[in-house]
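This report refers to the structure that appears directly beneath it.
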Amino acid sequence: MGCRSAVVLALTAVLAVPLAGCGSNACEDGVDNDADGLIDDGDPGCAFNGDSETPEPPHCQDGIDNDSDGFIDTGDPGCTGPNDTDEENPPVAACKDGIDNDSDGATDFPNDPGCTLSVDDDESDSCPSGDNCPACGNGVDDDDDGLVDYPEDSGCTNAGDGDEFNADPTICGASVPVSLLPGNGIAEGTFGGSQNNLISADCGGTGTEVAFQFTVTETQTLVVTTQFPETTTDTVIYVRSDCRMPGTELGCNDDEGSETTSLLVLEDVAPGDYFLIIDSNNEPGNYKVQVGDETTLPSATCTGETDAVELIDDPAMVGSNSGLTDDLTTSCSIPLLPSPDQVFELTVLGELETLDVDTGGSSFDTIVDIRFEDCVNAP
């Protein structure tokens, strides 16, 4: 009987342990492969690439608060999107940085009178009484409605608002814009194609209107004019104490002389609140208007005169024709004889009945010629 030999195979389990740096997956090798201080799963490159720590993902999708502001990735205001390469926040404007930069006790827009917008980078102002202090931050009830400044006065949109004006927006009609006349009495704008709401019984006006509210503090003569190069449309102007009541109209003017612009002179206007209505007379275009006293009247243009025109501001005017040129010819001029001339401008408010001009006392033989408008036409 044959003998069987028992053969015992000893099977040894061999555990393969990869050596550092020898594995194919850099995110499982325990090494900081890209030398950024982060290893394997702790490196955002692994989550971004799968099996490699490089390249690094953009800062705005790496899961790290890169600028240490408490916000991460697209939740950080410094990120415009996931592909943004940095989380750095843009500089914060002084009027929204939460700091009282000018140490006046008010911080940022809309509370600091030095801020007109939140993006302003300067809170400085001269409040409460300086020239650079707006009406909504000066501690004064400028519109006498019992309410002072922002936020108490509803006419103030912020502390940097330049007026407390809060008129009823429909006081002149549903589509007639009403604004407070600027302190210098000058306003400019453009007429569009809106509907007509108001009309002057005496002067007309069938186009789009704008209205300005202003206050007269003492009895005075008012001069309202649109006689400016900026006025490109045919204007009609009228002044009322009640915007929509024709019976309260103090006066009106359509075309001044041969021009399509307007000039209105109102004498002895009593203290009170008034509305200036500018009508486009059914023509789109631009306007410029000025409200003031007698000194507001536009200077006359003297066609053909090269010497300076002098304004008559005194009943007795004294001067010399030395150095003047002979620019104008009158029906009384002597032909071929040089006659230097001086032009004077006289503004007459109201109806002119009599005008006396006396050159007695002059040292030479004088000729007096009276003209109007452009210095060409005789009265």
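The values are calculated or read from the model by the stated rules, or taken from the named source; none is laboratory data. On a predicted model such as this, the values are computed, not experimentally measured, just so you know. Every residue, glycine as well, gets a Cβ built from its backbone with ideal geometry; the counts of neighbours run over all protein chains shown.
Assorted remarks:
- Among (1) surrounded by fewer than 11 Cβ atoms within 10 Å (Cβ to Cβ); (2) at pLDDT below 85, the one test that Pro298 misses: (1)
- Residue satisfying all of: in segment 33-49; buried (at least 16 other Cβ atoms within 10 Å of the Cβ) and hydrophobic (A, V, I, L, M, F, W, C); modelled with the lowest pLDDT among these: Phe48
- Residue in segment 71-88 that is crowded, with 16+ Cβ neighbours inside 10 Å and within 30 Å of Asp161 (Cα to Cα) present: no
- Condition met for Leu117 (surrounded by fewer than 14 Cβ atoms within 10 Å (Cβ to Cβ), of a type in the set (A, V, I, L, M) and touching a Gly at 6+ places or on another chain (Cβ under 9 Å)): yes
- Of Gly139, Gly146, Gly114, Gly130, all but one fail to be small (Gly, Ala, Ser), touching a Ser or Thr at 6+ places or on another chain (Cβ under 8 Å) and outside the structural domain of Asp273 (by TED's automatic domain parsing); the exception is Gly114.
- Looking only at segment 93-114, residues that are surrounded by 14 or more Cβ atoms within 10 Å (Cβ to Cβ) and assigned to a loop (DSSP other than H, G, I, E, B) come to 15 in all.
- Qualifying residue in segment 130-140 (condition: over 22 Å from the mean Cα position of the chain (by Cα) and modelled with pLDDT of 90 or more): yes
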